Amino acid sequence: MTKPVGPYTPIVRAGEWLICSGQVGIADGAIVEGGLEAELRQALANMAGLLEGEGSSMNAVVKTTVFLTDMADYAEMNTVYVDVFGDHRPARSAVAVAELPINARIEVEAWAYVG
């Protein structure tokens, strides 16, 4: 599991729900190189690892929020997102933000139902 970059819990169980804090494309303590695609793939891999650590999977995700520092990356984000989630389509919001922690370009948070 990747160490959080702030004072928060990466994943919390609340009854039949798992709530994943926002994940950025961090590995070995730094943002991965390779642009938005690499960052998003790593962020979602980090999320998958958190869910698997709780006995769940990405297939249990029912809602995500994607934070982008540049809405021009929206189409590229969609391509990677669909590639990772496959035919599973959680509800999703995507919003533009001025800045993300540790200069990430993208961050993703999720809710997974495990009941």
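The values are calculated or read from the model by the stated rules, or taken from the named source; none is laboratory data. Everything quoted here is computed from the prediction, not taken from an experiment. Note that we place each Cβ from the backbone using ideal geometry, even for glycine, and neighbour counts take in every protein chain shown.
To keep it simple, each residue is scored yes or no on (1) in contact (Cβ under 8 Å) with a residue 60 or more places away in the chain; (2) surrounded by fewer than 20 Cβ atoms within 10 Å (Cβ to Cβ); (3) polar (S, T, N, Q); (4) farther than 21 Å from residue 18 by Cα.
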{"site": "44", "(1), (2), (3), (4)": "yes, no, no, no"}
{"site": "58", "(1), (2), (3), (4)": "no, yes, no, no"}
{"site": "71", "(1), (2), (3), (4)": "no, yes, no, yes"}
{"site": "82", "(1), (2), (3), (4)": "no, yes, no, yes"}
{"site": "109", "(1), (2), (3), (4)": "yes, yes, no, no"}
request  = Report, by residue number, each residue of segment 6-49 that is closer than 19 Å to residue 63 by Cα and in a helix (DSSP H, G or I).
outcome  = 40, 41, 42, 43, 44, 45, 46, 47, 48, 49
ask   = Given the residues 62, 32, 66, 12, which is the only one that is under 11 Å from the mean Cα position of the chain (by Cα) and among the aliphatic types (A, V, I, L, M)?
value = 66
ask   = Where residues in segment 81-96 are hydrophobic (A, V, I, L, M, F, W, C) and in a strand (DSSP E or B), which of them is nearest to the chain's Cα centre (by Cα)?
value = 94
inquiry  = I need the full set of residues from segment 50-80 which are part of a helix (DSSP H, G or I), among the hydroxyl-bearing types (Ser, Thr, Tyr) and in contact with a Leu (Cβ under 7 Å, 6 or more places away or on another chain), in order please.
reply    = 74
task = Please find, within segment 21-52, the residue that is farthest from residue 101 (Cα to Cα) out of those that are at pLDDT 95 or above and of a type in the set (Asp, Glu).
result = 52
